[in-house]
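Worksheet for the structure shown next.
The values are calculated or read from the model by the stated rules, or taken from the named source; none is laboratory data. Predicted model, so just to flag it, every value in this text is computed and none were measured. Cβ coordinates were reconstructed from backbone atoms using ideal geometry, including for glycine residues, and neighbour counts include every protein chain displayed. With ligands, DNA and RNA removed, areas are computed over all heavy atoms of the protein, side chains included. Shrake-Rupley method; radii C 1.70, N 1.55, O 1.52, S 1.80 Å.
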Amino acid sequence: MNALAPLEVHVDTGIAYADGIEHRADVYRPAAAGPCPVVVFLYGGGWRTGSKEEVAYIGAAFARRGFVAVIPEYRHVPRASLPDILTDNAAAVAWTIAHAAQYGGDPGRVVVVGHSSGAWAAAMLGLDPTWLEQAGSSAAKLAGIVGLAGPYTSSALTDPLDRQVFVGSDPALQPIHHASGTHPAMLLAAGAADLDVNPAGTLALNKELLASSGSETMKIYPGLGHGQIVHAMAFPFSLEFSVADDVARFIDNAHAGR
């Protein structure tokens with residue numbers, strides 16, 4: 001996918017968003033002058049694997065659409081815990097809100113987009129205010145949250161290794177337990193053919209959010225599997241599926257405090 005990513009965007013690599021060598025982010029900037037909407041993309045990998053370099057094509061895809069994209073690195077299980085991962089992601093989002101203008105971004109239009117375990121983290125940051133408050137920011141400053149194939153309840157996980165991550169963990173680390181109360185606008189997307197994270201988890205969270213606020217958006221894409229939904233964010237798969245267009249439309253319409 002990275003080999004297919006067009007290079008006509010500017011990339012600032014290895015920017016520190018917190019202390020520590022693992023707390024670095026890459027920032028993808030469009031050619032157009034700002035202030036532009038900002039995306040923080042949290043990659044997936046079952047909480048155990050993944051890297052910002054593996055999803056460079058996503059950063060390029062967002063920048064080509066006129067968005068500033070920030071892709072942070074973060075710690076993984078087993079060396080880090082689930083709260084450690086949320087702490088890292090929250091620090092990256094807080095840094096982005098504080099520094100967006102320096103990279104041509106609009107700090108009032110920051111949207112967190114996550115895939116798989118990254119969608120879990122994105123939903124947690126949007127629904128549980130604890131994490132961003134601990135990072136010195138606020139979920140109220142986010143314009144929106146987009147979850148792609150997110151495991152919002154551990155029961156949606158089909159891989160035993162993924163389910164093992166939640167064994168003995170606090171139930172409060174599952175987004176579905178934070179569906180009530182105020183939160184940023186949310187777009188929940190899943191592939192109907194996802195065999196790794198059951199789309200029923202997306203439907204369940206959306207149902208809870210609708211009962212609470214009545215304003216959530218959900219997209220279920222026929223024929224798309226777990227990895228395919230994130231591949232559809234970039235060329236050439238974005239030509240066949242509407243995922244990238246739907247996410248871009250959501251970001252374009254998102255404003256903090258709406």
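Values for this structure:
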quantity: For the chain, built as a Gaussian network whose Cα springs stay under 10 Å, the top-fluctuating residue of Asp26, Asp106, Asp12; calculated: Asp12
quantity: Global geometry of the stretch 94-136, whether rounded, prolate or oblate, following the gyration tensor of its Cα atoms and the 1.5 cut on a/c; calculated: oblate
quantity: Residue among Ala91, Ala200, Ala244 with the largest mean-square fluctuation in a Gaussian network model of the chain, springs linking Cα atoms under 10 Å; calculated: Ala200
quantity: Anisotropy class of the stretch 45-96 from Cα gyration tensor, a/c 1.5 cut; calculated: oblate
quantity: Amide H contacts of Met218 (H built 1.01 Å from N, under 5 Å, at least 5 apart or other chain); calculated: Leu188
quantity: Accessible area, probe 1.4 Å, largest first, for residues Phe235, Phe241, Phe41; calculated: Phe235, Phe241, Phe41
quantity: 3J(HN,Hα) from dihedral phi, the stretch 231-246, Karplus parametrisation 6.51/-1.76/1.60, rounded to Hz, x for glycine, proline; calculated: 4, 5, 6, 10, 5, x, 5, 5, 6, 9, 10, 8, 4, 4, 5, 5
quantity: Accessible carbon and sulfur surface of the chain relative to its total accessible area, %, 1.4 Å; calculated: 54
quantity: Size descriptor, Kirkwood hydrodynamic radius, that averages inverse alpha-carbon separations across the stretch 2-114, Å; calculated: 13.9
quantity: Amide H contacts under 5 Å for His10, placed H, 5+ residues apart; calculated: Arg29
quantity: Solvent accessible area, Å² - Glu53, 1.4 Å probe, full protein context; calculated: 100
quantity: Diffusion coefficient, µm² s⁻¹, Stokes-Einstein with Kirkwood Rh over alpha-carbon pairs of the stretch 162-258 at 20 °C and 1.002 mPa s; calculated: 144
quantity: Sequence-distant residues sharing a close amide H with Leu42 (under 5 Å, placed H); calculated: Val113, Gly114, His115
quantity: Candidates Gly59, Gly108, Gly181, ranked by Gaussian network fluctuation over the chain, Cα under 10 Å, top entry; calculated: Gly181
quantity: Which label in (i) 0.92; (ii) 1.03; (iii) 1.06 gives the computed Rg/Rh (Cα atoms, Kirkwood Rh); calculated: (i)
quantity: Compactness of the stretch 164-218 - radius of gyration and Dmax, Cα, Å; calculated: 12.3, 33
quantity: Whole-number accessible area per residue in Å² for the chain, which is evaluated in the context of all protein chains at 1.4 Å; calculated: 40
quantity: Whole-Hz couplings from phi, Karplus 6.51/-1.76/1.60, listed for the stretch 171-181; x for Gly and Pro; calculated: x, 5, 8, 10, x, 4, 7, 10, 6, 8, x
quantity: Loop sites in the stretch 52-109: trypsin sites (Lys or Arg not before Pro), DSSP, at most 10 other Cβ within 10 Å; calculated: Arg79
quantity: Estimated 222 nm signal from helices in the chain, with DSSP H stretches of n ≥ 4 weighted -39500 (n - 2.57), rounded to 500; calculated: -8500 deg cm²/dmol
quantity: Of all DSSP beta bridges in the chain, antiparallel share, percent nearest 5; calculated: 30
quantity: In sequence order, calculated HN-Hα J values of the stretch 64-74 (Karplus, 6.51, -1.76, 1.60; Hz; x Gly/Pro); calculated: 5, 8, x, 10, 7, 10, 10, 10, x, 8, 8
